[in-house]
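Written below as structure tokens is the structure these notes are about.
Nothing in this text is a laboratory measurement; each read-out follows from the coordinates by a stated rule. All values derive from a computational prediction rather than experimental measurement. Neighbour counts run over all protein chains shown; Cβ positions are idealised from the backbone, glycine included.
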Amino acid sequence: MAQESDTWMWERARAIVDRADRIQRRFFQLSSSGSDGPTWEPPVDVFQTDTELWILTAMPGVAAPSVTVTLDGVALIVRGTRTLPSALKGAKVHRLEIPYGRFERRIHLPPGRYQPRAHQLIDGCLVLSFKILP
């Protein structure tokens, strides 16, 4: 019985570490150096009800005017820039975990037709809602 418990605990711990690693890779994917492309990719949640599709994109510290959202076929593309506050530009960095610079996230939409309803920047998240069309 103890061996089954140890195996279960090990598998659970491994699954947690794997999930954390996937989230880390998704949140902070650097482009190749010298590139003008995006340097990071914000995490996204997608929710669907019977009548609406909701997309939440985490972008702490990103100003609303620096964000663009476009529809490219079956994907929604969120682009923008997170800049370092000017008061910190000459500061010594002790830890840097929140990415800065240009970002882009391509979100593949579930099959269907959608009509944009609302978009807001709330508590560091871009919240987009779409009405599901028949």
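Descriptive notes on the structure:
- Considering only alpha-carbon pairs that sit under 8 angstrom and 6 or more positions apart, the relative contact order computed for region 73-134 is 33 percent.
- Burial ranking of peptide ranges 51-60, 114-123 (average Cβ count within 10 Å, highest at the top): 51-60, 114-123
- Mean projection area, nm², convex hull over Cα of region 31-133: 7.9
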